[in-house]
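Please read the structure below before turning to the comments.
The values are calculated or read from the model by the stated rules, or taken from the named source; none is laboratory data. Computed from a predicted structure; not experimentally measured. Here Cβ is always computed from backbone atoms with ideal geometry, including for glycine, and neighbour counts include all displayed protein chains.
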Amino acid sequence: MKVDRRSFLGLGLGAVAGISVSPVILKLTDDSSIWTQNWPWTPVPVDGEVSYVSSVCSLCPGSCGISVRKIDDRPVKVEGLDEYPINDGGACLHGISILQYLYDPARIKTPLKKKGDKFEEISWDDAVSMVAKKLSDIRSAKTPEKLACIIDKDQGSVSGLFKRLMKSFGSTNLYTMPSFESYLELTAAALHGKGTTIGFDLENSDFVLSFGAGVIEGWGSPVSCFKANASRKERGAKLYQIEPRLSNTAANADKWVPIKPGTEADLALGMAAVILKKNLFDAAAAAKFKGGFNKLAATLQNDYSLSKTSEITGIKETDIEETATLFAKAKMPVAVFGKGRGDGSQSLKELIAVHSLNCLVGSINRKGGAFIQPVKNYLEFPEESMDDAAKEGIAKPKFGQYVHDLFEKVNVSSQPAVEALFVYQSNPCYALHDTKTIKQAFGKIPFVVSFSSFMDETAGEADIILPVHTFIERLEDIPSGAGLAKMVVGLSKPVVKPLFNTKHPGDILLLIAKALGGSIGKNFEWASYDKCLETVAGSIWKSLSKSGHAILAKGVPEAPPEVDMTFLAGNPASVQSNGDGDLMLIPIDNMRLPSSAPAAAPFSIKTVSDEVLKGKDTVVEINPKTAGSLKNYDYVTLTTPVGTAKVMINLNDGMMPGVIGMVKGLGHTFDNKYVSNKGVNINDLIGPVIEPGSGVDAAFGIKVKISRA
Amino acid sequence: MSKVEHKSESGSEESTGECAAGDTKDDKGLGLGVIFFILAFVICFLSGTLLFPKLLYSKKEQPFNFDHKLHVEQTSDCESCHALREDGSFNGIPKLAKCMECHSETPLGETKDEAVFAEMYVAKEKEVPWYVYSRQPDCVFFSHAAHTKTKGMDCVTCHGPIGTSTTLKPYEENRITGYSRDIWGQNIWGIKKHSWDRMKMDDCAECHKKETGHQGYCFQCHK
């Protein structure tokens with residue numbers, strides 16, 4: 001017998017037939033179909049017990065209640081908390097992205113110390129003792145005022161502990177970053193006395209006159225504002241939007257009134273003049289005005305006639321008159337202020353002028369109006385024990401009222417004006433005007449300590465980083481602000497165990513104080529921050545711990561407060577913009593892009609349209625009439641006295657001619673591939689403009705030159 | 001006869017001769033071919049039936065042995081450990097916290113396995129990484145509550161008499177799909193003797209058809 005090709009054929013056929021009648025093909029078909037439907041490399045949510053933890057979001061001052069869904073110990077989804085007094089189940093895109101902050105690639109995982117241009121990891125013990133050593137040296141030199149501190153907000157127990165440490169140390173140089181809350185308090189202080197603040201009852205108002213407030217673009221408490229706006233049509237309420245640009249709020253409003261940037265105060269005063277002239281003001285309210293109301297009325301009649309106001313603002317006389325009349329005749333009108341998100345630089349004159357309209361028509365402490373209430377200090381810290389050094393220190397004057405004053409002082413001093421700086425949860429190197437100057441000031445401060453969760457622009461400038469838990473890893477009281485009509489304190493809870501070697505900011509301060517010892521140590525004798533909060537929250541702790549929030553004030557406050565017109569009666573000058581370009585560059589607040597710390601989550605930045613960010617380029621808005629021969633997405637170079645930037649243009653009929661609008665919140669430079677190196681930071685192009693009379697940085701824009709790139 | 005014709009004739013003769021010879025060889029070749037065919041058939045068939053399952057599944061040992069019988073004797077039912085949660089979902093294999101309702105770092109008995117459990121997991125507060133024989137793919141939704149609570153089905157119907165076992169068998173993982181052999185069943189042909197022998201979709205459908213008159217719709221399980 002000879003083995004030939006037919007034998008092989010037989011072999012092959014036999015093999016095929018043998019396999020075919022065996023279970024191999026049936027089984028492999030089944031397995032391969034399961035495999036292709038469940039690719040092993042596709043992440044699959046882990047199965048486990050579902051639970052929900054209620055907490056409070058502190059990404060913005062909106063302070064919404066959140067419900068975090070967990071599978072076993074892992075948080076997997078964030079939703080708005082039903083029946084929470086601020087947002088009642090609603091959530092914004094940043095709120096639902098909270099978990100991305102937890103796993104952010106820029107998270108700082110352990111204490112770091114600057115060595116050359118790089119950071120090296122150190123232990124908590126070493127980090128705290130290095131900070132304590134530096135602070136002891138400053139105290140030994142009898143210059144406690146040379147310790148400065150920047151915090152993100154004025155209220156709450158963590159801010160309270162920073163203030164306590166600064167006071168016990170003997171320094172008055174504690175500053176908060178500019179915020180909507182700070183502007184509300186400054187405005188209320190000027191008109192109604194110190195220690196008060198303003199809330200707007202938008203959900204009951206029948207006529208909202210907005211001077212550039214992005215009511216549906218992140219202004220105030222965003223979700224609460226969305227809800228108030230959503231019910232506007234049902235309630236028959238009107239929204240008039242005054243701003244140079246057809247923003248989403250303007251497009252959604254009943255009327256959009258375009259105005260020359262920076263003339264909002266003049267318009268408000270012009271409208272006040274109309275209301276006075278037509279006798280549409282609330283006589284009973286006006287009778288109680290103090291501080292030269294008659295003088296103000298005379299100034300208004302002389303300097304803010306319809307024709308003059310129209311000339312200044314670029315708005316037709318009939319529009320000014322009609323808007324003022326409708327506002328005054330409405331049953332429950334309210335004028336709201338704070339351009340964009342309300343936390344950028346604002347002119348105090350403008351805010352006071354706009355709020356004066358509320359005072360004039362009697363919309364103070366009335367349903368649907370503006371509520372003036374005392375700022376509630378709901379925490380009961382025990383009185384500090386002060387040693388001699390502390391007493392001497394706090395007798396020394398503060399460098400200035402605002403954070404920009406601190407940096408100016410540092411920059412102009414030949415000797416270090418500040419030996420050590422604490423920066424807590426804020427990003428001045430990104431968020432303040434003229435970032436170059438701010439970074440220069442950081443360079444002149446010998447010892448910068450950052451209390452940050454993320455390696456952002458400011459943390460990158462620090463000498464020591466003490467990384468703090470993100471807010472969903474820690475317990476903290478979160479007082480509402482943001483111009484809400486009601487005052488609520490929420491309790492932010494640790495939803496998840498800390499992922500990294502981070503600490504609670506309160507616990508870090510306790511450690512530093514203990515290391516310093518003496519009277520400072522005595523002032524921080526709590527076993528932990530959690531114990532401290534329980535103690536200082538006093539009467540509201542029961543409600544906080546039981547229901548997750550405590551309501552400090554709701555409903556219409558009693559009796560309207562006094563109104564002092566002194567500031568406006570002095571006829572303060574208006575803020576002028578810097579530069580000599582032909583066009584005006586103004587910032588735009590976009591709901592999807594936070595402009596202060598922390599930066600946007602990867603998800604939020606993905607939702608930004610191509611008309612704002614195209615690839616890695618910022619797209620600026622410009623009217624076709626101003627653009628001349630330029631076409632959509634042409635590259636141009638913007639030049640201001642502060643800096644230059646290459647951007648793309650978007651021709652937009654909704655932008656006032658002569659004005660260029662650039663979004664805030666882009667151009668981060670820290671190490672986060674999802675968020676950084678996209679677009680330009682507008683604060684690199686705009687410098688501060690200090691308002692005469694108030695001292696705030698009131699830059700509303702800057703003159704700019706544009707050339708084809 | 002011309003040269004060409006001769007060639008042609010002899011050629012045809014040769015070819016005839018070859019054909020004749022070829023016929024004889026063909027018969028032999030066919031015979032060998034048949035033998036090869038049968039040989040290959042038998043080898044491949046046996047390999048596909050006996051060797052293939054051994055290649056397809058990898059055997060993994062559980063972290064330590066678990067005596068279901070002993071635990072059932074103590075608790076008297078399955079639900080003491082494998083229970084429905086408050087929201088109606090099923091807890092599956094209990095977590096460490098559940099075990100620690102009875103167990104602690106000090107073993108209750110004297111078995112080697114409990115010592116491993118106490119030392120390696122309870123003391124270290126580490127979850128036991130059990131292999132789950134009945135884990136279905138993620139694309140399958142299954143409600144234990146609907147079957148055991150609403151319809152009163154017995155655990156044994158699907159899971160078999162595991163409550164009387166004293167040892168855990170090795171976990172056989174399908175190298176292609178990553179799922180347990182128990183889903184397809186021990187029998188490579190997919191033949192079952194008991195209702196708990198397989199956990200494939202057809203088995204669900206078969207029971208549904210029998211109990212409800214309809215095999216069910218796709219979205220009932222594939223949501």
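Structure summary
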{"read-out": "Only one of A:675, A:704, A:619, A:663 that is in contact with a Phe, Trp or Tyr (Cβ under 9 Å, 6 or more places away or on another chain) and buried (at least 23 other Cβ atoms within 10 Å of the Cβ)", "value": "A:619"}
{"read-out": "The stretch A:545-588: number of residues that are closer than 28 Å to residue A:641 by Cβ and outside any loop (DSSP other than H, G, I, E, B)", "value": "6"}
{"read-out": "Residue match in the stretch A:51-71 (condition: touching an Asp or Glu at 6+ places or on another chain (Cβ under 9 Å), modelled with pLDDT under 90, surrounded by fewer than 19 Cβ atoms within 10 Å (Cβ to Cβ) and under 30 Å from residue B:87 (Cβ atoms))", "value": "no"}
{"read-out": "Test: residue in the stretch A:522-544 that is under 29 Å from the mean Cα position of the chain (by Cα), in contact (Cβ under 8 Å) with a residue 12 or more places away in the chain, under 25 Å from residue A:387 (Cα atoms) and not in a helix (DSSP H, G or I)", "value": "yes"}
{"read-out": "Qualifying residue in the stretch A:219-232 (condition: on the phi > 0 side of the Ramachandran plot and in contact (Cβ under 8 Å) with a residue 60 or more places away in the chain)", "value": "yes"}
{"read-out": "Wholly enclosed strands (runs of 3 or more DSSP E) of the stretch A:10-84 bearing at least 3 residues away from every other protein chain (no Cβ under 14 Å) and not small (Gly, Ala, Ser)", "value": "A:74-80"}
{"read-out": "Any hit, the stretch A:484-503, residues being closer than 18 Å to residue A:124 by Cα and not in a loop (DSSP other than H, G, I, E, B)", "value": "yes"}
{"read-out": "Number of the exception - residue A:99 against (1) within 14 Å of chain B (Cβ to nearest Cβ); (2) part of a helix (DSSP H, G or I); (3) farther than 30 Å from residue B:177 by Cα", "value": "(1)"}
{"read-out": "Those residues of the stretch A:187-223 which are over 16 Å from residue A:235 (Cβ atoms) and of a type in the set (Phe, Trp, Tyr), in sequence order", "value": "A:211, A:219"}
{"read-out": "Search result, residues across the stretch A:359-416 that are more than 27 Å from the chain's Cα centre (by Cα), among the aliphatic types (A, V, I, L, M) and farther than 21 Å from residue A:149 by Cα", "value": "A:360, A:361"}
{"read-out": "Selected residue (only one of A:557, A:561, A:505 is touching a His at 6+ places or on another chain (Cβ under 9 Å), touching a residue at least 60 places away in the same chain (Cβ under 8 Å), of a type outside the set (Lys, Arg) and under 30 Å from residue A:286 (Cα atoms))", "value": "A:561"}
{"read-out": "Of all residues making up the stretch A:635-651, the number that are in a loop (DSSP other than H, G, I, E, B) and either modelled with pLDDT of 95 or more or under 14 Å from residue A:584 (Cα atoms) (or both)", "value": "3"}
{"read-out": "Test: residue in the stretch B:37-53 that is away from every other protein chain (no Cβ under 11 Å), on the phi < 0 side of the Ramachandran plot and within 26 Å of the chain's Cα centre (by Cα)", "value": "no"}
{"read-out": "Residue in the stretch A:79-117 that is nearest to residue A:677 (Cα to Cα), counting only those that are surrounded by 20 or more Cβ atoms within 10 Å (Cβ to Cβ) and β-branched (Val, Ile, Thr)", "value": "A:108"}
{"read-out": "Sole residue being among the β-branched types (Val, Ile, Thr), touching a strand residue (DSSP E or B) at 6+ places or on another chain (Cβ under 8 Å) and outside the structural domain of residue A:282 (by TED's automatic domain parsing), chosen from A:361, A:354, A:403", "value": "A:403"}
{"read-out": "Candidate set from the stretch A:246-278 (those that are assigned to a loop (DSSP other than H, G, I, E, B) and within 17 Å of residue A:334 (Cα to Cα)); member that is farthest from the chain's Cα centre (by Cα)", "value": "A:254"}
{"read-out": "Residue check for residue A:110: more than 10 Å from chain B (Cβ to nearest Cβ) and in a helix (DSSP H, G or I)", "value": "no"}
{"read-out": "Single condition residue A:485 does not satisfy, out of (1) modelled with pLDDT of 95 or more; (2) out of contact with any His (no Cβ under 6 Å at 6 or more places or on another chain); (3) within 30 Å of residue A:218 (Cα to Cα)", "value": "(1)"}
